[in-house]
Amino acid sequence: MPSSVSSKVGSFPPTFRSRNIKTNGATLHVRVGGKGPAVVMLHGFGDTGDMWAPVAAILVEDQTVVVPDLRGMGLSSHPQNGYDKKTQAHDIAQVMDKLKIEKAALVTHDIGNMVGYALAAQFPARVTRWVIIDAPLPGIGPWDEIIRSPALWHFNFRGPDVERLVKGRERIYLDRFWNELSANPKAINEATRRHYARLYARPGAMDSAFNQFAAFTQDAADNKLLAEKGKLTMPIFALGGEHSFGMQLAEIMPLVASDVTGGVITDSGHWVMEEQPQQTTAAIVKSVLSK
């Protein structure tokens, strides 16, 4: 197991190749490397697939690692619609089809969790196990209570002027999330902040991000219907940042899944890969490689 990875933000091992894969209505930027059982890793808001580079550097030794940028985020295309998570789950299923991957382990964070649930619930035979990290699922459990938290004001920050308000100020906007939702803002270093701020300043990127949140009402309705079809049966490891969701996700997931264990990333807020990369990487690798 490598003791370290490149300090460059989002730097994947040289064995990885990037592909642009067309789905139904979008083109996803996808990093692919390695051979063996597949692992699909999905990021959330404030990050891109680059967040998973330290984990990918280890898993690639004996796994096929697939790291997309979600629709409208990172280097993927920015379509006008399709930001409901059921549609984005089909994006990921189509990426797997194009790569000839029948089934895979799943690792997700933040909005990636929501896409992950839509994927696992619609295509349960294609997800072998799931590591879900630090964000709730729309419509499931205490969702209505969670979204009333002042810390989640951005869920409803949308309308005709929001992109104009943020344009040219993407770094200021993102800094608020990195600072307020972390246990130690200094853990998210300047290089990381500049890297993601540049990506979110690309034309259409913030509009797409706002659309991710705007879809939550539809996602909540969709998830309630998906949950009615029965619980997921694949092993699920629900992780939370100690100063963020903690064990709450492990308490929520049994509502939709029958095989759930929980864990906490200590001394971390929401941004577990940036705040505690070694601890988070070790927990993910252990879960993915467990039999």
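The values are calculated or read from the model by the stated rules, or taken from the named source; none is laboratory data. Please read these numbers as outputs of a predicted model, since none were measured by experiment. Methodologically, a virtual Cβ is constructed for each residue, glycine included, from the backbone with ideal geometry; neighbour enumeration extends over all protein chains shown.
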Looking at (1) part of a loop (DSSP other than H, G, I, E, B); (2) surrounded by fewer than 20 Cβ atoms within 10 Å (Cβ to Cβ); (3) at pLDDT 95 or above, which is the one condition that is false for Met73?
(2)
Does Val32 satisfy the condition of being within 17 Å of the chain's Cα centre (by Cα), more than 17 Å from Trp271 (Cα to Cα) and crowded, with 24+ Cβ neighbours inside 10 Å?
no
Top-ranked residue in the stretch 157-179 [being exposed (fewer than 12 other Cβ atoms within 10 Å of the Cβ) and of a type outside the set (D, E, K, R); ranked as nearest to the chain's Cα centre (by Cα)]
Ile172
Please verify whether the stretch 192-207 includes one or more residues that are modelled with pLDDT of 95 or more, more than 23 Å from Arg71 (Cβ to Cβ) and either out of contact with any helix residue (DSSP H, G or I) (no Cβ under 7 Å at 6 or more places or on another chain) or aliphatic (A, V, I, L, M) (or both).
yes
Can you name the residue in the stretch 245-257 that is out of contact with any Leu (no Cβ under 7 Å at 6 or more places or on another chain) and assigned to a loop (DSSP other than H, G, I, E, B) and is also farthest from Asp47 (Cα to Cα) among such residues?
Met247
Being in a loop (DSSP other than H, G, I, E, B), small (Gly, Ala, Ser) and modelled with pLDDT under 95 is the requirement here; does Gly36 meet it?
no
Consider Gly25 carefully, then state whether it is surrounded by 16 or more Cβ atoms within 10 Å (Cβ to Cβ) and either at pLDDT below 95 or not in a strand (DSSP E or B) (or both).
no
Which pairs do you get when a residue that is of a type in the set (Ser, Thr, Tyr), found in the stretch 263-281, comes within reach of a residue that is at pLDDT 95 or above and not in a loop (DSSP other than H, G, I, E, B), reach meaning Cβ atoms under 6 angstrom, with the pair 6+ apart or on two chains?
Ser268/Gly241; Ser268/Glu275; Thr280/Ile265; Thr280/Val272; Thr280/Met273; Thr281/Pro54; Thr281/Val55
When the residues of the stretch 264-291 are filtered to those that are assigned to a helix (DSSP H, G or I) and over 17 Å from the mean Cα position of the chain (by Cα), which remaining residue is nearest to Val60 (Cα to Cα)?
Leu289
Filter the stretch 163-189 down to the residues that are within 21 Å of Pro150 (Cβ to Cβ) and not in a loop (DSSP other than H, G, I, E, B) and list them by number.
Leu165, Val166, Ile172, Tyr173, Leu174, Asp175, Arg176, Phe177, Trp178, Asn179, Glu180, Pro185
Just to check your reading of the model, which residue among Thr261, Thr217, Thr192 is part of a helix (DSSP H, G or I), among the β-branched types (Val, Ile, Thr) and surrounded by fewer than 16 Cβ atoms within 10 Å (Cβ to Cβ)?
Thr217
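Residues checked against (1) closer than 18 Å to Ala105 by Cβ; (2) of a type outside the set (Phe, Trp, Tyr); (3) at pLDDT 95 or above; (4) touching a Phe, Trp or Tyr at 6+ places or on another chain (Cβ under 7 Å):
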| position | (1), (2), (3), (4) |
| --- | --- |
| Ala53 | yes, yes, yes, yes |
| Ile58 | yes, yes, yes, no |
| Gln63 | yes, yes, yes, no |
| Ser77 | no, yes, yes, no |
| Gln94 | no, yes, yes, no |
Tally time: how many residues in the stretch 95-128 are within 13 Å of the chain's Cα centre (by Cα) and either closer than 19 Å to Ala227 by Cβ or outside any loop (DSSP other than H, G, I, E, B) (or both)?
13
